[in-house]
Amino acid sequence: MPEIPDLEAYATYLNKRLPGLKVVEAEAPIAWIVRAGREEFLERMKGQTFRPVHRHAKLLVFPFESGDFLVVHAMLAGRFQYVEPKHRRRSKTAWILHLDNGMDLRYFDDRMMGRAFLVREEEFAEHVPRWTEMGPDVMSPDLDEDGFLAVMMKGRGMIKNIITKERMVAGIGNAYSDEVLWEAGLHPFRKRTDIPEEDLRKLFHAIRDTMDWAIPIVTDLTEEKGLPVRMYRDHLRVHKKGDEDCPRCGHRITSIKSGGRETNFCRGCQA
């Protein structure tokens, strides 16, 4: 699943290429992924001019000069391509925008779980699922340490579950929750009610530090290698590193799988 560093890298990559370009024509081979419907999508996308792309939570938002927005939730397997039209189409390519510089912007989804929403600004709440139910974006400049603490104090259950629940704070997924909790020195299965305020404040800074560390790495990899089919994860310190040595204390990293989700942490330095 694309997470904050991946989506920020997408935005940086696409913002070097898309703003000012016009959509000459659109296609929707798997139309139901575009919730506007095929005919409306094809008609409204033709002639659209791109403004700069940005991320909100786990959504990638494509604004256009017309005032329309294409909001994409890639879910687990949704991916983008910026390629020449002659480039072979993947079998589950859901939509394509043919651009006036001779390139295509494509979206494919091997699991067909993602969705795209074509909306006006005043329609986000009505047409983008859970838009009004999301907590604050965890990287928002408007979210400070005290605001984060206030949100966390409402949470019940294990701390990993809380920080990955978008109703609490939006944007953190499974992979980077492992990295954030390792950075903060917190055990992922520790109950929030057992964590003192000081450590919750430390968690806020661990989130920001982890993202500030990862975003440039993923951005550079994306620019060098192109938009990925699989998310760049080799740089991570603990996620998917079960049985390897913890880079901080040297203990073996534990890997636990539950409910289709893998959690990685160090029993030596995460309490």
Per residue of the range 124-131, what does 6.51 cos²θ - 1.76 cosθ + 1.60 with θ = phi - 60° give for ³J(HN,Hα)? Whole Hz please, x for Gly and Pro, Karplus curve as stated.
4, 4, 7, 10, 9, x, 6, 4
Under the rule of -39500 (n - 2.57) per DSSP H run of 4 or more residues, summed and divided by the residues of the chain, what mean residue ellipticity at 222 nm is obtained, to the nearest 500 deg cm²/dmol?
-8500 deg cm²/dmol
Could you run the Debye sum over the Cα atoms of the chain, one equal point scatterer each and no solvent, and tell me log10 of I(q)/I(0) at q = 0.13 Å⁻¹, two decimals?
-0.88
If one takes the longest principal axis of the Cα atoms in the chain, at what angle in degrees, from 0 to 90 and to the nearest 10, does the Cα axis of helix 197-225 lie?
40 degrees
Estimated FRET transfer efficiency (residue 100, residue 32; beta-carbon r; R0 30 Å; 0.05):
0.65
Extend 7 Å from the Cα of residue 249 along its Cα-to-C-beta direction; within the range 183-200, residues with backbone N under 11 Å of that point are 185-187
Can you bin the range 4-127 into rounded, prolate or oblate? Criterion: square roots of the alpha carbon gyration tensor eigenvalues sorted a ≥ b ≥ c, rounded for a/c under 1.5, prolate for a/b above b/c, oblate for the rest.
rounded
Tail fraction, Cα-Cα pairs, the range 52-116, threshold 15 Å, whole percent:
54 percent
Would you mind finding the longest exposed-site-free stretch of the chain, with exposed GluC sites (Glu not before Pro) meaning DSSP loop and at most 14 other Cβ atoms within 10 Å?
134-243
For residue 235 and residue 205, extending 7 Å from Cα along the Cα-Cβ vector and measuring point to point gives, in nm, a value of 2.2 nm
Whole Å is fine, so just give me how far the alpha carbon centre of the range 121-154 lies from that of the range 52-82.
18 Å
Given a Förster radius of 45 Å and the C-beta distance between residue 261 and residue 223 as r, what FRET efficiency does 1/(1 + (r/R0)^6) yield to the nearest 0.05?
0.90
The ³J(HN,Hα) series, computed from each phi in the range 152-163 with the Karplus coefficients 6.51, -1.76 and 1.60 at θ = phi - 60°, rounded to the nearest Hz and given as x for glycine or proline, is 4, 5, 7, x, 10, x, 6, 5, 5, 5, 5, 6
Using r as the Cβ-Cβ distance of residue 91 and residue 54, and R0 as 25 Å, what FRET efficiency do you calculate, to the nearest 0.05?
0.25
With N set to the residue count of the range 145-266, report its C-alpha Rg divided by 2.2 N^0.38 Å to two decimal places.
1.07
Name the residues whose placed amide hydrogens come within less than 5 Å of the amide hydrogen of residue 137, ignoring near sequence neighbours (fewer than 5 apart) on the same chain.
170
With +1 on each Lys and Arg Cβ and -1 on each Asp and Glu Cβ, and nothing else charged, work out how big the dipole of the range 145-266 is about its Cα centre, in Debye to the nearest 20.
640 debye
The relative contact order of the range 145-266, taking Cα pairs under 8 Å that sit 6 or more residues apart, comes to a percentage of 23 percent
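Please compute one quarter of the surface area of the Cα convex hull for the range 128-170 and express it in square nanometres.
Average of the hull's projected areas for the range 128-170 equals 3.2 nm².
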Which value in Å is the Kirkwood Rh of the range 1-53 over different Cα pairs?
12.6 Å
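Bear in mind these aren't lab numbers, they're just calculated from the coordinates by the rules spelled out. Since the structure is predicted, the reported quantities are computational estimates derived from the model, not experimental observations. So basically every Cβ, Gly included, is an ideal-geometry build from the backbone, and we count neighbours across all protein chains shown.
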